[in-house]
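Below is one structure; the comments refer to it alone.
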Amino acid sequence: EGGGILFSFTPINGDTGMSATNLAAFNDGTAFMYADINGIDGYVNVHLSSDDLGTIVAQGDIGQNDLTGTTKTYDLGEKAVAGISGNVTFSERINGEALAEIMLSGTPSGGE
């Protein structure tokens, strides 16, 4: 998913890896309280710098995208390329959507 930037956090201190930001309003001035978090359909991106928004160094889901802990995993067997197999895990989100994570073994180095 994509979308605009709702809130810009205080830059992370490269020496400590930490940032602390007082959240009271979104970038557009709309009030924001702690109780509003569960209503957000969003995620947090940490970019390499404000000049390099294309490089995301860390990311996490928040609000409605948070996971409930309910998962279902299915095996993925070999097909056209011998030695590649794995599994896919579906995790339920608070809003009823799902996150799908695929984990393969035997993939070629540098492959996509």
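Observations, loosely collected:
- With respect to being in the same structural domain as Gly3 (by TED's automatic domain parsing), over 18 Å from the mean Cα position of the chain (by Cα) and either surrounded by 10 or more Cβ atoms within 10 Å (Cβ to Cβ) or in a strand (DSSP E or B) (or both), Leu23 fits the description.
- Residues in segment 41-54 that are surrounded by 10 or more Cβ atoms within 10 Å (Cβ to Cβ) and among the polar types (S, T, N, Q): Asn45, Ser49.
- Search result, residues across segment 5-17 that are of a type outside the set (Ser, Thr, Tyr) and either closer than 20 Å to Tyr34 by Cα or surrounded by 10 or more Cβ atoms within 10 Å (Cβ to Cβ) (or both): Ile5, Leu6, Phe7, Phe9, Pro11, Ile12, Asn13
- Test for Asn38: is it more than 27 Å from Thr107 (Cβ to Cβ) and surrounded by fewer than 11 Cβ atoms within 10 Å (Cβ to Cβ): no
- Index of the failed condition, Asp28 passing every other in (1) exposed (fewer than 11 other Cβ atoms within 10 Å of the Cβ); (2) of a type in the set (D, E, K, R); (3) not in a loop (DSSP other than H, G, I, E, B): (3)
- For segment 70-101, filtering for residues that are surrounded by fewer than 10 Cβ atoms within 10 Å (Cβ to Cβ) and either among the hydrophobic types (A, V, I, L, M, F, W, C) or closer than 20 Å to Val44 by Cβ (or both) leaves 3.
- Residue in segment 28-35 that is under 20 Å from the mean Cα position of the chain (by Cα) and within 18 Å of Val57 (Cα to Cα) present: no
- For the residues Asp51, Asp36, Asp41, the requirement of being closer than 15 Å to Gly4 by Cβ and not assigned by TED's automatic domain parsing to the domain that holds Ala100 singles out Asp41.
- Scanning segment 56-101 for residues that are assigned to a strand (DSSP E or B) and under 15 Å from the mean Cα position of the chain (by Cα) yields a count of 18.
The values are calculated or read from the model by the stated rules, or taken from the named source; none is laboratory data. Please read all numbers here as calculations on a predicted model, not as lab measurements. All Cβ positions, glycine included, derive from the backbone under ideal geometry; neighbour counts span all protein chains shown.
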